[in-house]
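These notes concern the structure reproduced below.
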Amino acid sequence: MSVLKSISYKNIVRRPGRSFILILLSALLCFLVTGGSLAITSLKGGLLSLKSRLGADIMVVPYEATTKTDFSNMILQGNPGYFYMNRNVLDKIKNIEGIKEISEQYFLASAKAGCCSAKLQLIGFDPETDFTIRPWVKESYTGDLGQFEMLVGNDLNAFAGDELTFYNKRCIVKGKLKKTGTYLDTAVYMSIDSIKALLKSAEESGMVKAVKGNPDTLTSCILINVAEGHTPLEVMSEINIKTRGVEAIQTKDMISGVAGQLESASKIIGFLIIAIWLLSIFILVLAFTMIANERKKEFAILRVLGSSRKMVAGVILKEAVMVSFAGSIIGAVIAVIVVLLSSNVSLTNFDLPFLLPDISEILILSAGTVVVSVIAGCLASSLSAFKTSKIDTALILREGN
């Protein structure tokens, strides 16, 4: 007998109100499990992405920058800003023992009005020595960046060939970078020489307050990877002792607050998933039990007509599978759509990195939650199925008279 002609399917169609409620409960269960699991996975993916994009053991910046409240907001959340120190610091730090890789970055923010197409964070890097941005860039763009050529973050509404104007200079977009789920998705990346030229133009036009020193003799940030046999703490301490006016910071300390927030958010989401999952199963158990009690006479007639106890129990289990599967598919699809549409909320409103997994991973995760939800529906109905299979046929039919 095909599914469409089965007793279970006919029972579902015959009672649309009851079936709708069961499907709705199953959809809610799967929606919460899928959405919550996808949110936790995306938060963890965002943190890993942030760690890899910072990509250095130590960051050296002007001491004055670390005393400002917007410093961490600029580094971790991408709020447009800039700070500078004398570039001769780079030569001093290079001679410190225990450094494996060292590179500099140059920061500039587009002005609030008048000169630019948008207010953005501009980041200059040295392609020759860079070990944080360059590996990420190569995933999307393999060429070299010329004067006033740039790469844009994934969330910016700009594409290869477009022009953006910064401080009266027309800059050409050469490519769009892969999404990271962090503030880097709203930044612009150029060579250091391009950023310095923009800073000079900004000073000449009065759009940016004159900085202390020639832009060619300045830098914003020095990134360091520590050699084997040394620890970041040792190198950081050496830098802070031997170099004045700067502050060496371990990048893992910078993101410890983000990691703590993410862990707390993940625990809360996980707790809610478990609590709602148990509550949903309890409600489904009650629903299936009430339905089975209402249909005792129907099941008694099936027994009289020759159906075995196993077949009677199978009717309930088949209904549970069909209802749970339909509801779970609906819930999973809605959950994925909601998470996709709200993927920027975490980074924008909660300052947490949020990177969705690949489509294949989303499909696998969704399929897994659908299976879990269907199993939950079957478990919820198994108790009523077992009780129904044990009914006293003669007693039920006499009660009906």
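Any read-out appearing in this document is the output of simple, stated calculations on the displayed coordinates, not a laboratory observation. Remember, it's a predicted structure, so these values are computed and weren't measured experimentally. Every residue, glycine among them, receives a Cβ derived from its backbone with ideal geometry; neighbour counts consider all protein chains shown.
Compute the length gained on full extension between F271 and N154: take 0.36 nm times their separation in residues and subtract their Cα-Cα distance, giving the result in nm to one decimal. Spell out each step's value before the answer.
Working: separation 117, 0.36 × 117 = 42.12 nm, distance 3.27 nm.
Computed gain between F271 and N154 is 38.8 nm.
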Rounded, prolate or oblate: which one fits segment 174-264, using the alpha carbon gyration tensor with axes a ≥ b ≥ c (rounded when a/c is under 1.5, else prolate when a/b beats b/c, else oblate)?
-> oblate
List the residues whose amide H sits under 5 Å from the amide H of I99, counting only those 5 or more places along or on another chain, with H placed 1.01 Å from N in the peptide plane.
-> A227
For K179, enumerate residues with amide H under 5 Å from its amide H, sequence gap 5+ or separate chain, H modeled in the peptide plane.
-> none
Take peptides 267-280, 329-342 and line them up by average Cβ neighbours within 10 Å, highest first, as a rough protection proxy.
-> 329-342, 267-280
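So if R0 is 45 Å, what FRET efficiency would T129 and A367 give, r being the distance between their Cβ atoms, rounded to the nearest 0.05?
On the way: r = 45 Å, r/R0 = 1.00.
Step by step, r from the Cβ atoms, then E = 0.50.
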Phi-derived 3J(HN,Hα) across segment 22-30 with the Karplus relation (6.51, -1.76, 1.60, θ = phi - 60°), rounded Hz, x for Gly and Pro, is 5, 5, 5, 5, 5, 5, 4, 4, 5
Calculated FRET efficiency for the pair A227/D358, C-beta based, R₀ 35 Å, to 0.05 | 0.55
Segments 90-98, 166-174, 180-188 sorted - mean Cβ within 10 Å per residue, highest first = 180-188, 166-174, 90-98
Under 15 Å from the Cα of K92, which aspartates and glutamates turn up, not counting those fewer than eight places away in the same chain?
-> E101, E104, E238, E247
Which residues in segment 90-108 have a backbone N closer than 18 Å to a point placed 7 Å from the Cα of S237 along the Cα-to-Cβ line?
-> 96-99
Can you run phi through the Karplus equation (6.51, -1.76, 1.60; θ = phi - 60°) for segment 97-106 and list ³J(HN,Hα) in whole Hz, with x for Gly and Pro?
-> 5, x, 9, 8, 9, 8, 8, 10, 9, 10
Cα-based Lys proximity count in segment 174-287, under 23 Å, for pairs eight or more positions apart or on separate chains | 11
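Could you calculate the FRET efficiency of E263 with L24 from 1/(1 + (r/R0)^6), where r is the beta carbon distance between them and R0 is 30 Å, rounded to 0.05? Spell out each step's value before the answer.
On the way: r = 33 Å, r/R0 = 1.10.
According to the calculation, E is roughly 0.35.
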